[in-house]
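Quick notes on the structure that follows.
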């Protein structure tokens, strides 16, 4: 192996050389800094001398102009004032080109000597008029005229501005006197800038009057110079190129010393002394060149020496590295969790690591080298493994999946062997990697048994990832939903869920699952064929070793049948509660109605027929009877006891049901009845027919609640042949109940599912989805059929077909109108309600009977013993405090068997005609009792006893 060259010594040597070179360079930097500081001090003194001269120059003329501007003759420009100005001009004619007096409006009052260029220059004068303070202008040049500077002083008359007094100063004379006299290097020069950055003086006159942005060089350098000038700073600026350009210094760096000069009127100029950097640092160039040569020679010498030393060092380190690598490789192989064998061409073990020794001898101390590998293999796999090892030695990589090692203790290990050819020089060898898979195969077998067990359970089992994607589904899921494993795999678990879920199901489910808790509840699922079923589900999180949730296990069981039974039980309990409530209300309400109807009957007997009062009383009596009928209908509908089917008149039950529902409907819904078969009978319990009618009508009302509409109920007879029914069991006539509405209608997709339990199109809390399912079950139980026809926005038509029967209804009572039956016997009325006692007393008295009343059943027996004349009949209420009517009847029968008893009740679920007769009563009257019914019952009881 070629020794790896080491650059570390070379790098260290070069770094040391560079550090020494840097130390040698520090004195150079110190001298350079001091040279620049000395240059700056010298240039600043020169600029300061020139600046002082300019300030003195303008100060002299400031005093002179101030004096002149205060003279009255000059303010009024009288002849003496003009003469004074001419004298002043003649004295200073060498420094002044022109003198001028301007009024407050900018018009010239005096100019000497006459000069059109001066007359035309008004910008400076206007600025003086605006500022009304002493003002020095920039350098101004006109075509054909020399460059000049205007210096103006405001003239005040009576403390008001009255124009200005202005001097025109030749710029060349000022520059020669103060700027051109500054001693500069051969290639240095002087620049003069106004406060606004305008160039006032430059060696190249083409720059005069231009903005500083026209200077040459990088923009950031020019911007830096201009900012220092604007700030009136005394400073040294290093520019990378000559700002004027041209000459040998055009591409070299320059130093610019900036010195501000204050002028009258809050104005200022800046003197800039520009000197090439090579002129300032020329003496340092030789030192720097010598330093670079010495440093370069040192770097080359050290580099060559380090190169040779590094070569020898690298060779020695490579030898040490190879030796360490061999030791590390052996150590690493011993730490490897898999067995490693090195075989020679004969299949004899040359090397085995610690794990390899443990696999074949159960210990890491045994000597394995020198033995053939097949000695450690089970006899069943030796031929196959030996052949594949031979192929590997020949140069082919192979893998043996089914192999077993026989350990020294006689136990077997399942292993996977990977054989790879390995060549050292001309010697062809083979490396074997042996991995113990005994535990893996046991685990795999256990997992197969577990999967088989999960497939055998009847509950559906799903495993989904943390995104809800199905990764596993057992056989029961396919049986439950109709989806195969292939159809479920890779799909979201929500594909199995129906849209019809409990209110807030999604939110509740997500809240529990996100917290990593076990969720238990019901899920409405949808089979592949679209049908729905309810499942009791449990969703449990699966966590990895770090505690993070990676999967969820969902186990669910079909509980549709249980839910239906539970719903029916709840409905039964609800109806039982309604019945109990209705019974309690009925008892008290019938007592109230008894008083109303009884007193009304008595009032009717006391007024002449045909009068308005008689008509009003008839209306009151009719209302009371309707109220009594309504109570009876409520009691009938709330019955939950199992009733035997009997022939019932459907039309009458439909009318009763509609009476119950009419009061709850809005006026926008019109009900139309076409009950042509008003005597047709079917074999059913009355409550079943009422449930069919009320559930179908409730759905119709819901579809029309927003816009209103019309509900039509038709009852017709249909022939079997007309319906296409030809079977023996279908022969005979059928009764067709048609419920038609003009509501919003339904789509075909909804029609396919309306009879499915728990399917509803209503909002949460408005329906259970069981109404039509119950109707379907009742119709099927009665041997009938139900069909539906609907279109969106065209309404819905339900048709129920039930087989007709010819039997007569049981318990049909006939009544007629006849004369009131009277008598003169003594009647005892027992009731805890005072109004009922008074009503009975009045009605029986009207019929001719002698009446005694009592509010306590406990005193009745004593009354019977001492009554004069003797009591001939007892009328008692059933529900009374301390003793019921049945108990009282039994006591009367025991002590006075000759006295007949009539029982009355507003409602009692434990009292009927048979029970009353068994207790000894001769009749049972249901409250409210009218006069005619009371007269018939009393006369019948007395006649029977006689």
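The values are calculated or read from the model by the stated rules, or taken from the named source; none is laboratory data. Computed from a predicted model, the values in this text were never measured in an experiment. Here the Cβ positions follow ideal geometry from the backbone for every residue, glycine too, while neighbour counts run over all protein chains shown.
Side notes on the structure shown:
- Residue 84 vs. criteria closer than 11 Å to residue 165 by Cα and surrounded by 13 or more Cβ atoms within 10 Å (Cβ to Cβ): no
- The residue of segment 453-469 that is nearest to residue 523 (Cα to Cα), among those that are surrounded by 11 or more Cβ atoms within 10 Å (Cβ to Cβ) and free of Cβ contacts under 8 Å to residues at least 24 places away in the same chain, is 457.
- Residue check: residue 429 meets all listed conditions (1) in contact (Cβ under 8 Å) with a residue 24 or more places away in the chain; (2) closer than 19 Å to residue 539 by Cβ but one, namely (2).
- From 20, 85, 54, 14, residue being touching a helix residue (DSSP H, G or I) at 6+ places or on another chain (Cβ under 7 Å) and at pLDDT below 80: 14
- Residues of segment 822-833 include none that is assigned to a helix (DSSP H, G or I) and surrounded by fewer than 16 Cβ atoms within 10 Å (Cβ to Cβ).
Conditions (1) closer than 30 Å to residue 404 by Cβ; (2) in contact with a strand residue (DSSP E or B) (Cβ under 8 Å, 6 or more places away or on another chain); (3) not in a helix (DSSP H, G or I), marked per residue:
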{"residue": "442", "(1), (2), (3)": "yes, no, no"}
{"residue": "448", "(1), (2), (3)": "yes, no, no"}
{"residue": "458", "(1), (2), (3)": "no, yes, yes"}
{"residue": "470", "(1), (2), (3)": "no, yes, yes"}
{"residue": "501", "(1), (2), (3)": "no, yes, yes"}
{"residue": "506", "(1), (2), (3)": "no, no, no"}
{"residue": "511", "(1), (2), (3)": "no, no, no"}
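- Residues located in segment 412-426, provided they are surrounded by fewer than 17 Cβ atoms within 10 Å (Cβ to Cβ) and either touching a residue at least 24 places away in the same chain (Cβ under 8 Å) or not assigned by TED's automatic domain parsing to the domain that holds residue 357 (or both): 412, 420, 421, 422
- Residue in segment 330-339 that is part of a strand (DSSP E or B) and closer than 19 Å to residue 436 by Cα present: yes
- Of the numbered criteria (1) assigned to a helix (DSSP H, G or I); (2) within 17 Å of residue 827 (Cβ to Cβ), the one residue 904 fails is (1).
- The condition of being in a helix (DSSP H, G or I) and either surrounded by fewer than 17 Cβ atoms within 10 Å (Cβ to Cβ) or at pLDDT below 85 (or both) holds for only one of 722, 644, 677, 656, that being 656.
Residues checked against (1) free of Cβ contacts under 8 Å to residues at least 60 places away in the same chain; (2) touching a helix residue (DSSP H, G or I) at 6+ places or on another chain (Cβ under 9 Å):
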{"residue": "896", "(1), (2)": "yes, yes"}
{"residue": "913", "(1), (2)": "yes, no"}
{"residue": "916", "(1), (2)": "yes, yes"}
{"residue": "930", "(1), (2)": "no, yes"}
{"residue": "935", "(1), (2)": "no, yes"}
{"residue": "946", "(1), (2)": "yes, no"}
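- Listed conditions (1) surrounded by 19 or more Cβ atoms within 10 Å (Cβ to Cβ); (2) assigned to a strand (DSSP E or B) are all met by residue 262, apart from (1).
Results for (1) under 30 Å from residue 872 (Cα atoms); (2) at pLDDT 80 or above, shown as yes or no for each residue.
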site: 764; (1), (2): no, no
site: 775; (1), (2): no, yes
site: 792; (1), (2): no, yes
site: 824; (1), (2): yes, yes
site: 840; (1), (2): yes, yes
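- Every pair of residues 6+ apart whose Cβ atoms lie under 6 Å, when the first sits in segment 168-195 and is closer than 22 Å to residue 276 by Cβ while the second is at pLDDT below 85 and not in a helix (DSSP H, G or I): 187/249
- Residue satisfying all of: in segment 689-713; crowded, with 22+ Cβ neighbours inside 10 Å and within 20 Å of residue 803 (Cβ to Cβ); nearest to the chain's Cα centre (by Cα) among these: 696
- Selection count, segment 584-600, where residues are under 56 Å from the mean Cα position of the chain (by Cα) and surrounded by fewer than 17 Cβ atoms within 10 Å (Cβ to Cβ): 2
- Residue that is nearest to the chain's Cα centre (by Cα), among those in segment 481-493 that are farther than 18 Å from residue 451 by Cβ and modelled with pLDDT of 85 or more: 492
- Among the residues of this structure, residue 910 counts as one that is more than 21 Å from residue 843 (Cα to Cα) and under 60 Å from the mean Cα position of the chain (by Cα).
- So residue 567, is it at pLDDT below 85, under 20 Å from residue 756 (Cβ atoms) and in a loop (DSSP other than H, G, I, E, B): no
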